[in-house]
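For reference, the structure is listed below as structure tokens.
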Amino acid sequence: MGFLIDDLLAFSQLGRQELIRTIFSMTELVQMVWNDLYVKDGTRNVEFILKPLPDTLAERAMMQQVWINLISNALKYTRNNQQTTIEISGEQKDGEIIYSVKDNGSGFDMQFYDKLFGVFQRLHSQEEFEGTGVGLAIVERIISKHGGKIWAEGKVNEGAVFYFSLPDRNT
């Protein structure tokens, strides 16, 4: 219940929070988040692929929250795999930067896509995968606040790819 209350408070406060944008290395931020989230305990075989990411002009703390939520989900939804692969990449394209997090986990059925970014919308049971159902809604709100978009593709038992775009600071 405490996690749910914390997530709801974070979600509600995002609308009022002022953006203080700085230019920073997205690659370094993702590496830091990965180092904080993934503890090599010997029970999981995780291949983490981090391709060089374009730097961005954004609110660093909010982007850290985006990466925490997306990478945490990738770790969570791949935990039943013998071999896990999580790949993060980014590219500059048509006036925006598109980042992605790809995993080979449980995936999701695209027919339920419209539920992905809603508050309390879950595509897996609480027994199967823990969570509050607020994480992706927080990510969507942060990306939207930055003038970007978020979307995803998935196939059941084949994994998922979550994409988000931010305006390219160089255009």
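Each row is one residue, and each column tells you yes or no for (1) surrounded by 14 or more Cβ atoms within 10 Å (Cβ to Cβ); (2) over 14 Å from TYR99 (Cα atoms); (3) modelled with pLDDT under 80; (4) under 17 Å from the mean Cα position of the chain (by Cα).
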| position | (1), (2), (3), (4) |
| --- | --- |
| GLN121 | yes, yes, yes, yes |
| GLU140 | yes, no, no, yes |
| GLY148 | yes, no, no, yes |
| GLU153 | yes, no, no, yes |
| VAL156 | no, yes, no, no |
| PHE162 | yes, no, no, yes |
| ARG169 | yes, yes, yes, no |
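Say we look at segment 84-108 and pick out the residues that are part of a loop (DSSP other than H, G, I, E, B) and either touching a Leu at 6+ places or on another chain (Cβ under 7 Å) or closer than 23 Å to HIS146 by Cβ (or both); which of these is modelled with the lowest pLDDT? The extreme case among them is PHE108.
Scanning segment 64-116 for residues that are on the phi > 0 side of the Ramachandran plot and surrounded by 17 or more Cβ atoms within 10 Å (Cβ to Cβ) yields a single hit, GLY107. Picking from residues in segment 48-83 that are farther than 14 Å from VAL101 by Cα and basic (Lys, Arg), the one that is modelled with the lowest pLDDT is ARG79. On the stretch given as segment 27-59, residues that are part of a helix (DSSP H, G or I), open to solvent by 20 Å² or more (accessible area, probe 1.4 Å) and farther than 24 Å from LEU116 by Cα total 6. Against the numbered list (1) open to solvent by 50 Å² or more (accessible area, probe 1.4 Å); (2) modelled with pLDDT of 90 or more, GLU128 comes up short only at (2).
The values are calculated or read from the model by the stated rules, or taken from the named source; none is laboratory data. As the structure is a computational prediction, the values presented were derived from the model and not from experiment. In this analysis, Cβ positions are derived from the backbone assuming ideal geometry, glycine residues included, and neighbour counts consider all displayed protein chains. Heads up: the accessible areas ignore ligands, DNA and RNA and are worked out on the full protein's heavy atoms, side chains in. Shrake-Rupley method; radii C 1.70, N 1.55, O 1.52, S 1.80 Å.
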